[in-house]
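Structure first, then comments.
The values are calculated or read from the model by the stated rules, or taken from the named source; none is laboratory data. Note that the coordinates shown come from a computational prediction; the quantities given were computed from them, not determined experimentally. Cβ placement follows ideal geometry from the backbone for every residue including glycine, while neighbour counts extend to all protein chains displayed. Accessible surface is based on the protein model in full, side chains and every heavy atom, while ligands, DNA and RNA are left aside. Shrake-Rupley method; radii C 1.70, N 1.55, O 1.52, S 1.80 Å.
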Amino acid sequence: FKMCPGRVLCKLPCSGEKEVDLAVQSAKAAFKIWSQMSGMERCRVMLEAARIIREQREEIATMETINNGKSIFEARVDIDISWQCLEYYAGLAGSLAGEHIQLPGGCFGYTRREPLGVCVGIGAWNYPFQIACWKAGPALACGNAMVFKPSPFTPISVVRLAEIFTEAGVPKGLFNVVQGGAATGQFLCHHPDVAKISFTGSVPTGMKIMEMAAKGIKPVTLELGGKSPLIIFSDCSLDNAVNGALMANFLTQGEVCCNGTRVFVERKILDTFTKEVVKRTQKIKIGDPLLEDTRMGALINRPHLNRVQGFIKQAKEQGAEVLCGGDLYVPDDPKLKNGYYMRPCVLGNCKDDMTCVKEEIFGPVMSILPFDTEEEVLERANATKYGLAGGVFTRDIQKAHRVVAALKAGMCFINNYNASPVELPFGGYKSSGFGRENGRAAIEYYSQLKTVCVEMGDVESVF
């Protein structure tokens, strides 16, 4: 593959009902083998997959950059998180266990933690390879099989992951990939042999998946959108808070579900903070994402670029002030002239009722809002249908913990933002979804408990 801005990268056939059924049946057959292996046996295979990813880090990161448009610098981080995820769940695979419960009269009971069966993973286009690993890691550690559908905008790198799992020694078909859009997703959700669905994407699509899963009483994990608050108090370390705001808004061209796009700044430092953020934003290097010094690549496609630009236009109409960026960017390299680039945008004079503050833009657009008191900012921060993430910058550690305790969000950051260690659970409140990825918590969503009650004497009948 090579960089082809604005041009077709490759063509893949969509998986229809027949192909989806073949994938599920193949996974079902592999599940019978994989689920009977010990946790330590599964651990060794998953460690081998992690080793291959680690060894091929540069090749996979390059593929991901071409697949998605993000900078190679970021893509390498994504691939590192991916192999770390598989290593983490490999380590847990051998420790999965139930418990023994002593009952009266020498009787006892015990629980077994058992896999669900064939799990479906449906990924988003912003972190294609990483999301697939986040879903496959706990699923496979628990003994499940997985059929994964990547976004049709980023279909390539997940195929490489399937090849790596095969090379590592999983049973043939244990991790299957199907390609396609909404229709393919519907076939997966309705398939009678699918035991669970894990979806990362938009709220409207998440609602549809929930409806489809309900018809088969299938458990779902939904990791949906967000409009997360980032609260900057005047007693913060200003330089660190500026770094945090940039990390919270401009990673992967702003195409991150947990981004802190509502930046609440205490009025005492509003001007100083804003000036520094604008200065730093204007220095962000945009261009060829395969160059080492590029820090912002291209947005995913033309319709999405137009959508993001539409939000900025509407923000101006509603009274927001564009402090920097927001316009299209044309790199000097003629090979990149058709790429979907824009300059990262900072909006000032924002109000809580503006569309740019209420709706998820999913692009490099930061909205800055002043506040005066802790009570006021918490009320405003929570006044949203979303609840994926939130952040606070302050030197007062008591205040920091008090604020994150009051935030109605599943993932909170203190004096940092957008850190994603695989050891910590990730997921949202409210319309941002439910269930958790990563951490030990994910094991709960890819396994089920069986209770066994053992009678040591004769049954006492009441009949």
Worksheet item: Over the chain, what is the mean sequence separation of C-alpha contacts under 8 Å (at least six apart), divided by residue count, expressed as relative contact order in percent?
Response: 19
Worksheet item: Once fully extended, how much extra length lies between residue 332 and residue 358, figured as 0.36 nm per residue of separation less the alpha-carbon to alpha-carbon distance?
Response: 5.8 nm
Worksheet item: How big is the Cα convex hull of segment 229-414 in projection, averaged over all directions, in nm²?
Response: 10.2
Worksheet entry | Under 16 Å from the Cα of residue 337 - aspartates and glutamates, other chains or at least 8 residues apart | 288, 327
Worksheet item: Which residues' amide hydrogens lie under 5 Å from the amide hydrogen of residue 369, considering only partners 5 or more residues apart or on another chain, with H built in the peptide plane?
Response: 263, 264, 265
Worksheet item: What is the pair-distance distribution P(r) of segment 232-299, computed from all Cα-Cα distances in 5 Å bins starting at 0, with each bin given as a whole percent?
Response: 3, 16, 25, 23, 16, 10, 5, 2, 0
Worksheet entry | Value of Rg/Rh across segment 198-242 [Cα atoms, Kirkwood radius] | 1.35
Worksheet entry | Spherically averaged projected area in nm², based on the convex hull that wraps the Cα atoms of segment 2-128 | 11.3
Discussion item. Quick check on the chain: of the DSSP beta bridges with both residues there, what percent are antiparallel, nearest 5%?
Written reply: 35
Item to complete: Please figure out what share of the DSSP beta bridges in segment 229-414 is antiparallel and state it in percent, rounded to the nearest 5.
Response: 15
Item to complete: Answer rounded, prolate or oblate for segment 84-143, using the Cα gyration tensor with square roots of eigenvalues a ≥ b ≥ c: rounded when a/c is under 1.5, else prolate when a/b is larger than b/c, else oblate.
Response: prolate
Item to complete: Give, in nm to one decimal, the length gained when the segment between residue 40 and residue 399 is fully stretched (0.36 nm per residue of separation minus the Cα-Cα distance).
Response: 124.8 nm
Practice prompt. Using R₀ = 56 Å, calculate the FRET efficiency as 1/(1 + (r/R₀)^6) where r is the Cβ-Cβ separation of residue 55 and residue 458; round to 0.05.
Written response: 0.40
Practice prompt. State the extension gain, in nm to one decimal, for the chain segment bounded by residue 343 and residue 293, taking 0.36 nm per residue of separation less the distance between their alpha-carbons.
Written response: 16.4 nm
Worksheet item: If packing is taken as the mean number of other Cβ atoms within 10 Å per residue, what is the order of 232-243, 302-313, highest first?
Response: 232-243, 302-313
Worksheet item: What pairs from 135/408; 285/351; 32/135; 28/218; 218/450; 149/172 go past 23 Å between their alpha carbons?
Response: 135/408; 285/351
Worksheet entry | Gyration tensor verdict on segment 40-107 (Cα atoms; rounded if a/c is under 1.5, prolate if a/b is larger than b/c, oblate otherwise) | prolate
Item to complete: Report residue 401's accessible area, 1.4 Å probe, all protein chains in place, as a number in Å² to the nearest 10.
Response: 100
Practice prompt. Report P(r) for the chain: all Cα-Cα distances, bin width 10 Å, range 0 to the bin holding the largest distance, values in whole percent.
Written response: 4, 20, 28, 25, 15, 6, 2, 1, 0
